[in-house]
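One structure is given here, and the rest of the page talks about it.
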Amino acid sequence: MLGLTPLKYLPRPMQAILLANAIVYLLSWINLGDYILWYGAFIPSQAHELWRFVSYAFIHTDFMHILFNMLMFWMFATEVCKSLGERNFTTLYLLSAIFAGLFSIPFYAFGLMGNHAVIGASGALFGVMAAYAFLFPEQIILMFFIVPMKIKHAIWIFIAIDLFMANSSDGIAHFAHLGGVLSGYLFMLFWSKSISLESFFAKSKGPERYSREFFKEHAKQAPPLEGELYKGNSSAKEERLNEILEKINRTGLQSLSQEERDYLQWFGKQNKK
C-alpha cells in the first residue's frame with residue numbers, strides 16, 4: 001500500500017538498522033528497559049560518554065514511536081541508499097544521529113530543553129529525509145499521509161514546525177530534528193562536490209588508463225571494426241562489469257562517469273541479444 005520494498009530486498013545497512021531498532025525495542029520490554037535508558041539515552045550532562053551520540057538513536061520505548069520512525073525510514077531511505085551506495089548511506093545515517101545530538105547541546109546549555117534524555121531515530125531520520133529532498137526534490141509525497149506535496153516544499157514545513165514547537169515542552173526533541181536536517185543537507189553538499197570532482201578526473205584520466213591496461217592485454221586480438229565500440233573478450237567484459245557494480249555499491253549510481261554508464265547500457269543490450 002505504501003510502496004515499501006520487501007525487507008529481504010532492502011540494502012544491507014537498512015536491514016541492519018531496522019533489525020537493531022527492533023531488537024533494542026524488544027529488549028526494553030524484558031526487564032532491561034531501565035538499563036538501556038540509563039546507559040544508552042543521550043543526556044546532555046553526560047555528553048562526555050561518547051557512545052551515547054549513537055546509542056540513543058536505536059532506543060524506542062513506545063510502540064507508536066518506533067512504528068512511525070521505522071516506517072518513515074523505510075519509505076525514504078531505500079532510494080537514498082541506492083543512490084549513495086551502502087557505505088555513504090551508513091555514514092550519512094550515523095553522522096546525522098551524532099550531529100543531531102551535538103546540535104542539541106547548546107540549547108540545553110541555555111536552558112531551553114532542561115536536561116531531559118533524548119531517545120529515538122528521529123535525528124538520523126531527518127538527515128535521511130534531507131538527503132532524499134536533495135536527490136529527488138520534485139518527488140511527490142503525502143504530507144501527514146494526506147496532502148500531496150513535493151518533498152522540496154514538505155521538508156521546509158517540517159523545519160518550520162520544529163522551529164515553532166522547539167520550546168513547547170511537548171516531549172519531542174525538536175532541536176535534534178533540526179540538527180539532523182542540517183547534517184543531511186551538509187553531507188549531501190560534500191557528497192555532490194566529491195562526485196563532481198571524481199567525474200572530472202575520470203574524464204581527464206580515465207580513458208588513458210583504460211586504454212593502457214585494456215588494450216595491452218588484448219593487443220594480439222583482431223582490431224575492432226570501424227564505428228564499433230571495442231569491449232574485449234568475455235572474461236574482460238565480466239571483469240569490467242564487476243568493477244562498475246562495485247563502484248555503484250561503494251559510492252552510488254550517480255558517481256559513475258559517462259563512459260561507465262555507456263558500458264552498462266552496452267552490456268545490457270548484449271545480454272538481451
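Values computed for the structure shown
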item	result
In nm, spacing of pseudo-spin labels at residue 152 and residue 23 (7 Å Cα→C-beta vector)	4.1 nm
Ordering of 176-185, 8-17 by burial proxy (mean other Cβ atoms within 10 Å per residue, highest first)	176-185, 8-17
Distant-in-sequence amide H partners of residue 143 (H built 1.01 Å from N, under 5 Å)	149
Directionally averaged shadow of the stretch 7-191, computed from the convex hull of its alpha-carbon atoms, nm²	10.4 nm²
Gain upon complete extension [residue 71, residue 102; 0.36 nm per residue less C-alpha separation]	8.6 nm
Label-to-label distance, nm, for residues given as residue 31 and residue 261 (7 Å Cα→Cβ offset)	5.9 nm
Chain lengthening between residue 241 and residue 16 when straightened (0.36 nm per residue, less Cα-Cα)	78.3 nm
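Bear in mind these aren't lab numbers, they're just calculated from the coordinates by the rules spelled out. Predicted, not measured: the structure shown is a model, and the values here were computed from it. Neighbour counts run over all protein chains shown; Cβ positions are idealised from the backbone, glycine included.
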